[in-house]
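The values are calculated or read from the model by the stated rules, or taken from the named source; none is laboratory data. Just so it is clear, the model here is predicted, and its values are computed rather than measured. Here Cβ is always computed from backbone atoms with ideal geometry, including for glycine, and neighbour counts include all displayed protein chains.
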Amino acid sequence: MSTIVSISTAPGIGGIGIVRMSGKDCFEILDKIFEPKVKNKEAKIKGYTMKYGHIVENGNIIDEVLVSYFKEPKSYTTENMCEINSHGGNIVLRKILEICLKNGAELAEPGEFTKRAFLNGRIDLLQAESVIDIIEAKSEREAKTGIKQLEGGISKKIAEIKQNILDVMVNIEVSIDYPEYDVEDVTNNQILEMLKQVEEKLLKLEKSFDDGKIIKEGIKTAILGKPNAGKSSLLNNILKEERAIVTEFEGTTRDAIEEFVTIKGLPLKLIDTAGIRQAKDEVEKIGIAKSKEIAKDADLILAIFDSTKELSEEDFEILELIKNKKAIILLNKVDLQPILTEQNSKLKEINCPIISISATQDIGIEELYKEIEKLFNLNEINLDQDIVITNVRHKNLISKAIENVEKTKETIKNGMPLDVIAIFIKDMLEDLGQITGETVSEDIINEIFSKFCLGK
């Protein structure tokens, strides 16, 4: 493989910037551009060490740097690697990158360092994907889940399931290759017992995605109500900033506003929607239709009502939208003169929590947070012990493996020969192998790593 180089720190001004290089010619290129204070031959340089010196070009000092050395195979990529720690700032970093390229390195593609770690066998594909999850984590819980996956928690569970299958596949192969030994009945019993164990483990992993999806993507929370009920005020209160325009005029919000926030460790994807009413024009009509679509797909609806007014036709429409949905009814403006209370029979019919609040005076907001925490029991997940699937690719492949478990059961029930049964069992192994990367196609590998940032 060629020697690759990239800037690993984010663009912009900073105290320190890092240029990362990996490949067989890494130290040779470094020797051309780096003048250490104390010179050593490459053979004498130890891994996991740092040297102080200068990056130079044509005898001119470009920057004062510290260089970290990582010798193969004990490096991130398992190749010779170095990281040039320079002063932060786009000009210096780009200049160092340019000098590396002039001296024989090639510009790394997005995620190529991690891709090499995968291709060289240091990590599997599932662990590689967890790297981007850690980088893009929006909450402490999501970061912790990513670290757990990087440590190989899910990989070990997948390997355990695969071993259960392979232990039985040995007998199947013997039965197919040596049909004179009449062990089919015994083998079928073994297969059914294996399928039972495997299906239990796969279903547990699949179910964990319900929590994993929320940890990774956040609780999709729609704020629903008619104009001037206080939707935008609630959004601003939760975000602690004036994100949405608030006026006394109805219909200010005509499109959805999305923001991400973490409340009591729970990640919320908040969506302030257009007010539900009879539209005044085509633009508002589109906004209201969009509000209803968002409500259908939401994990949680915060249905907000103006407590200073009786329920209207629009309010009844909102109550219909939240029926059989995970929702919280909020009676806003209780700091004024409320006439709509938590005892209202129409509200109680919906059978969901009802909380009196004032979005502008911060009344009832803490109670709202506690209710959300109660509805989504993520705090019950012990990330030190529980395995949680957060990646939709992994979830889909686990679901596919479960389908092949059912197909295998069906073939046994129908008295099909072992060679036919073996086809579906091998498909299960193929599905699980795609999760960890043992049987995945090059196109999928390239697609996964294209989502990474440069320098990782």
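Some values worked out for this structure:
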| read-out | value |
| --- | --- |
| Residues (of a type in the set (Lys, Arg) and closer than 23 Å to residue 115 by Cα) located in segment 38-93 | 71, 74 |
| Enumerated strands (runs of 3 or more DSSP E) restricted to segment 2-109, each holding at least 1 residues that are basic (Lys, Arg) and more than 22 Å from residue 135 (Cα to Cα) | 49-57 |
| Set 32, 51, 39, 24: member being basic (Lys, Arg) and in contact with a helix residue (DSSP H, G or I) (Cβ under 9 Å, 6 or more places away or on another chain) | 32 |
| Any chance residue 272 is at pLDDT below 90, within 18 Å of residue 227 (Cβ to Cβ) and more than 35 Å from the chain's Cα centre (by Cα) | no |
| Segment 110-122: number of residues that are surrounded by 22 or more Cβ atoms within 10 Å (Cβ to Cβ) and part of a loop (DSSP other than H, G, I, E, B) | 1 |
| Cβ pairs under 9 Å, 6+ apart, first in segment 202-225 and farther than 23 Å from residue 156 by Cα and touching a residue at least 60 places away in the same chain (Cβ under 8 Å), second aromatic (Phe, Trp, Tyr) and crowded, with 23+ Cβ neighbours inside 10 Å | 225/305 |
| Residue ranges of helices (runs of 4 or more DSSP H) in segment 318-427 with at least 3 members within 30 Å of residue 127 (Cβ to Cβ) and either in contact (Cβ under 8 Å) with a residue 40 or more places away in the chain or aliphatic (A, V, I, L, M) (or both) | 392-413 |
| In segment 81-101, the residues that are over 15 Å from residue 64 (Cβ atoms) and without any contact (Cβ under 8 Å) to a residue 40 or more places away in the chain | 98 |
| Flag for residue 388 being out of contact with any Ser or Thr (no Cβ under 7 Å at 6 or more places or on another chain), under 30 Å from residue 431 (Cα atoms) and among the hydrophobic types (A, V, I, L, M, F, W, C) | no |
| Residues located in segment 81-118, provided they are touching a strand residue (DSSP E or B) at 6+ places or on another chain (Cβ under 7 Å) and among the aliphatic types (A, V, I, L, M) | 81, 84, 92, 93, 96, 97, 99, 101, 105, 107, 108 |
| Candidates 318, 354, filtered to the one that is at pLDDT 90 or above, under 23 Å from residue 269 (Cα atoms) and either touching a Cys at 6+ places or on another chain (Cβ under 7 Å) or in the same structural domain as residue 232 (by TED's automatic domain parsing) (or both) | 354 |
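Results for (1) surrounded by fewer than 15 Cβ atoms within 10 Å (Cβ to Cβ); (2) modelled with pLDDT under 85, shown as yes or no for each residue.
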| residue | (1), (2) |
| --- | --- |
| 151 | yes, no |
| 156 | yes, no |
| 188 | no, yes |
| 191 | no, no |
